[in-house]
Amino acid sequence: MAALLCAMLTLAFPALGLLLGFPILAVLTNVPGLVFGLLALAGRRDAEAVERNIARTWACNLGYLLLLAFIALAVAALVAALTA
């Protein structure tokens, strides 16, 4: 449940991009994390599949956050280069 909640919270970044007027950032959505989280909730009968899907959800969340950190660093470097 916590993995799915974290995956749902990653929807805040695309929403922020839309609010700030950068619709291209809406493309950066953690769809795999959301799908694996929903599969973990839907497959409650098979404990192994649930654990596998939870692990995949966390992996997707971590990958998504690393991607956002990389984008933030690239934007910061670009801004620093343009203002220097």
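Throughout, read-outs are computed from the coordinates displayed, never taken from laboratory work. Keep in mind that this is a model prediction, so the values were computed, not measured. As a convention, Cβ positions derive from the backbone with ideal geometry for all residues, glycine included, and neighbour counts pool all protein chains shown.
At 0.36 nm per residue, and after removing the present C-alpha to C-alpha distance, how many nm does the segment from residue 16 to residue 51 gain when stretched out fully?
Residue separation times 0.36 nm, minus the Cα-Cα distance, leaves 9.5 nm.
Neighbouring Cβ atoms within 10 Å as the yardstick, rank 45, 52 fewest first.
With the fewest neighbours first, 45, 52 line up as 45, 52.
Give the relative contact order (percent, whole number) for the chain; include only Cα pairs under 8 Å separated by 6+ residues.
After rounding, I find 27 percent.
Percent of alpha carbon pairs in the chain separated by more than 14 Å?
66
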